[in-house]
Amino acid sequence: MSCFDKLREGSTGWPAKVLFFLIAASFVIAGVGSYLIPDRNLDPAKVNDVKIPEHELENQVRREKAMLERQFGKQFFEKQMAVDPQFNNKFKASILEKLINDEALAQHIKKVGIDIPASLVKAKIMSMPEFMVDGKFSQEQYEKVLSMYGYMTGEVFGETLRNNMSRETYLRPVIDGEFALPGEVQYLTDVITEKRTYSRVDVDFSKFKSNDPVSEKEISDYYEQNKDKYLVADKVKFSYIYLTSDDVKSDVHYTDADLTGFFNLHSEIYTIPEKREISHILLTGDDAMAKAAEIKAKIDSGEDFAALAKQYSEDKDSAANGGKLPAFSSGNQDSSIDKATFALEKVGDVSDPVESQYGVHIIKLNAIIPQSAKTFEDSKEDVIKRYVKQQSKEVFLDKRQIVADISFEDPDSLDRAAKMANESDKEHPSDNVKVQVYDYLASDAKDLKFPFTENEVKTKLFDKELRESGVNSDVIELGQDAFIVVHIEDYVPKTPKKLEDVKNEITADIAANRAAKNAESYVNDLLSKISKGESLDSEKAAGKITISEPKTIDRLNNDVDETVSKNVFEMARAPEGKVSFGKYSDADGKSYLLILSKVEKVDEKDASRDEFLNKQVFEFNAKNDNELVERASRGQAKVEYNRTKEYLKLSDSKSEEL
């Protein structure tokens, strides 16, 4: 019997049948998908067996980043990364800690029986000024604000608000028991109102340049010791799906019935409201109302309005034409003029004097142009345009959800996600959702096109964890009407540049280092002189330093660089008749000196300031109480981390691993 015969017999014998039965049973219980889709543990943490999903963390990171970039500028994270390459990972880990604390507290609050009904959450949303337009709740404004702050759906925001309301209800008795002690307020008052007088000493670093030649050995040694400074940027090859609502406009299909339904539903768009044509006489000055009363009396006695407008009106443009203004509909003029105009009942009526932001007016109604409606045929092009725009947003959101779901379920490629999104409308399959390939993007690339200009996209493309896991990224939102999903195909790490390519750069760096070393030694000599009470006038006369005139500033209102101001107020007070001083560095790393010569305590009463400080102390104490409750609930919770996450490898937490 050949080995193939033995294999064939083995595949049909009773052991094989038993094995087949067990496998079949497991398919029934677990589903075929569990064998086809790799089991990847993507959730970063659990709190008492409640998972904190990766997508929830990503969304919160996105919201926090957007808030910081609105506050500090779009380049905020790039600047932080330049100082600390691990900043993004540390930032993400800190947001995860916040989510863990929130979840632990939410579970504790739920355990004690606090539950906010949906009706109260809805009422709170309807009353929030952020979502109001002209004093009324606006669905459009609501959706706009949620999108701005990174909430994909109202349900997500509603749940966040419900948790916040539960938390507030639970903490209210603790917070209401807080108060500010007079001593605390007085201490803050002394700190805030203090004035300080200082001088700044700047060194002319150009005076310390070295003319000594740089040897080949120095260049070679410096290169070997500092190869990490002279690197070819790392680069990444990736596939991606980038989609906007405009991309799916061709996926919107409609019939005349759809269009007429839209036309009838939005009839106000295609209705031309009533307009009124008026003439007016404008008067300004302190006696405008009195003059207007005299002119109105002349009109009432039969004098010609147009002639009086030419004679008296201070609106010279309309006065030349008897005071005539272009026709307008209600809501398109100054509110006082609008109200007076539409209060006139018939052509020829003249109003009493009316005061507006421009002055005092007398208004005559010349014509009433009745409301009219456009026909469907006349409006069809506009109806199509508006209908397609509206529907394309819905199609876009549907395809976005499909891409998000399928790219997560099938994480090794974006192909199936694109295919399923294109086939979502069975009657009208399309090819608008495309998987594209970017054939190597360098991390220091300039002049990129959107969406690769976005910091969040670039961060994801060079994310070590995403690269090593080999899975698709989460959907990265790019405003309301665009998103991108990426999949890393290949990565080329940073490599040192050749010595001959950076020789000039190294020579300049060595020379700069020599100059900096000489200058730093000189700055230390200056510090020594100041400490001995010696004058710096001779150094100033030699042109090596500049000393600013003494400047007095207070802590809250000054026109000084923020870092310099902070340094001035962190300096120790010197004994009477002495000065205190310190060495600091500017944004370019160059040293400068600050000499503090006077500290004044300002003792003046200010009720509004004291009220503000009372409130600040109260809120600070309440925040501390809040954190104590958070720590207590966190201490009672079992927290487990997924240490495969790159951003958690930096953590020193002793909690269990997932």
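The values are calculated or read from the model by the stated rules, or taken from the named source; none is laboratory data. Not measured: the values here are computed from a predicted model. Heads up, the Cβs are rebuilt from the backbone with ideal geometry, glycines too, and the neighbour counts pull from every protein chain shown. Only protein heavy atoms, including side chains, enter the accessible area calculation; ligands, DNA and RNA are left aside. Shrake-Rupley method; radii C 1.70, N 1.55, O 1.52, S 1.80 Å.
Within region 263-274, residues that are closer than 11 Å to Ser379 by Cα reach partners that are surrounded by 13 or more Cβ atoms within 10 Å (Cβ to Cβ) and hydroxyl-bearing (Ser, Thr, Tyr) with beta carbons closer than 6 Å, at six or more positions or on different chains, in the pairs Tyr270/Ser379.
Can you tell me which residue within region 219-263, out of those that are more than 39 Å from the chain's Cα centre (by Cα) and not β-branched (Val, Ile, Thr), is most open to solvent (accessible area, probe 1.4 Å)? So, considering only residues that are more than 39 Å from the chain's Cα centre (by Cα) and not β-branched (Val, Ile, Thr), the one most open to solvent (accessible area, probe 1.4 Å) is Gln225. Among the residues examined, Asp39 does not qualify as modelled with pLDDT of 50 or more and either within 47 Å of the chain's Cα centre (by Cα) or over 30 Å from Ile406 (Cα atoms) (or both). Within region 72-98, residues that are closer than 14 Å to Arg62 by Cα have Cβ atoms under 9 Å from residues that are open to solvent by 70 Å² or more (accessible area, probe 1.4 Å) in these pairs: Asn89/Lys464; Asn89/Lys649; Asn89/Leu650; Ala93/Leu650, counting only partners at least 6 apart in sequence or on another chain. One residue alone among Lys74, Lys79, Lys144 is outside any helix (DSSP H, G or I), farther than 22 Å from Lys649 by Cβ and at pLDDT below 85, and that residue is Lys74. In region 249-257 there is at least one residue that is farther than 30 Å from Arg467 by Cβ and touching a Phe, Trp or Tyr at 6+ places or on another chain (Cβ under 7 Å).
Among (1) under 20 Å from Val403 (Cα atoms); (2) surrounded by fewer than 17 Cβ atoms within 10 Å (Cβ to Cβ); (3) touching a residue at least 40 places away in the same chain (Cβ under 8 Å), where does Val485 come up short? Looking at each condition in turn, Val485 falls short on (2).
Can we say Leu105 is part of a helix (DSSP H, G or I), in contact (Cβ under 8 Å) with a residue 40 or more places away in the chain and either over 18 Å from the mean Cα position of the chain (by Cα) or exposed (fewer than 12 other Cβ atoms within 10 Å of the Cβ) (or both)? Here the answer is yes, as Leu105 does meet what is asked. Every condition in (1) within 30 Å of Ala418 (Cβ to Cβ); (2) touching a Pro at 6+ places or on another chain (Cβ under 8 Å); (3) not aromatic (Phe, Trp, Tyr) is met by Lys296 except one, and the failing one is (1).
Cβ separations smaller than 8 Å between residues 6+ apart or across chains give the following pairs from region 286-307 residues that are over 13 Å from Ile363 (Cα atoms) to residues that are β-branched (Val, Ile, Thr): Ala288/Val360; Met289/Val360; Lys291/Val360.
Within region 266-289, being farther than 30 Å from Gln390 by Cβ, open to solvent by less than 60 Å² (accessible area, probe 1.4 Å) and not in a strand (DSSP E or B) holds for Thr284, Gly285, Ala288. Do you know which residues across region 269-307 are charged (D, E, K, R) and in contact with a Lys or Arg (Cβ under 9 Å, 6 or more places away or on another chain)? Matches in region 269-307: Glu277 only. Here is the figure for region 464-515: residues that are part of a helix (DSSP H, G or I), over 30 Å from Lys209 (Cα atoms) and hydrophobic (A, V, I, L, M, F, W, C) total 1. Do we find a residue being closer than 21 Å to Glu194 by Cα, touching a Phe, Trp or Tyr at 6+ places or on another chain (Cβ under 8 Å) and not polar (S, T, N, Q) anywhere in region 573-594? Yes, because at least one residue in region 573-594 is closer than 21 Å to Glu194 by Cα, touching a Phe, Trp or Tyr at 6+ places or on another chain (Cβ under 8 Å) and not polar (S, T, N, Q). Only residues that are more than 34 Å from the chain's Cα centre (by Cα) and of a type in the set (Lys, Arg) were counted in region 581-611, giving 4.
This table checks each residue for (1) closer than 30 Å to Val485 by Cα; (2) assigned to a strand (DSSP E or B); (3) in contact (Cβ under 8 Å) with a residue 60 or more places away in the chain; (4) touching a Gly at 6+ places or on another chain (Cβ under 8 Å).
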| residue | (1), (2), (3), (4) |
| --- | --- |
| Arg200 | no, yes, yes, no |
| Ser210 | no, no, yes, no |
| Lys217 | no, no, no, no |
| Ser220 | no, no, yes, no |
| Tyr223 | no, no, yes, no |
| Val236 | yes, yes, yes, no |
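Total residues in region 436-451 satisfying the condition of being open to solvent by less than 50 Å² (accessible area, probe 1.4 Å) and touching a residue at least 40 places away in the same chain (Cβ under 8 Å): the figure is 5. Taken together, Gln71, Gln139, Gln86, Gln75 contain a single residue that is within 19 Å of Gly479 (Cα to Cα) and more than 18 Å from the chain's Cα centre (by Cα), which is Gln139.
Only strands (runs of 3 or more DSSP E) whose full extent lies in region 533-647 are considered here, and the ones with at least 1 residues that are polar (S, T, N, Q) and open to solvent by less than 40 Å² (accessible area, probe 1.4 Å) are 580-585, 591-600.
Can you name the number of the only condition in (1) assigned to a helix (DSSP H, G or I); (2) open to solvent by 30 Å² or more (accessible area, probe 1.4 Å); (3) β-branched (Val, Ile, Thr) that Val121 fails? Every condition holds for Val121 apart from (2).
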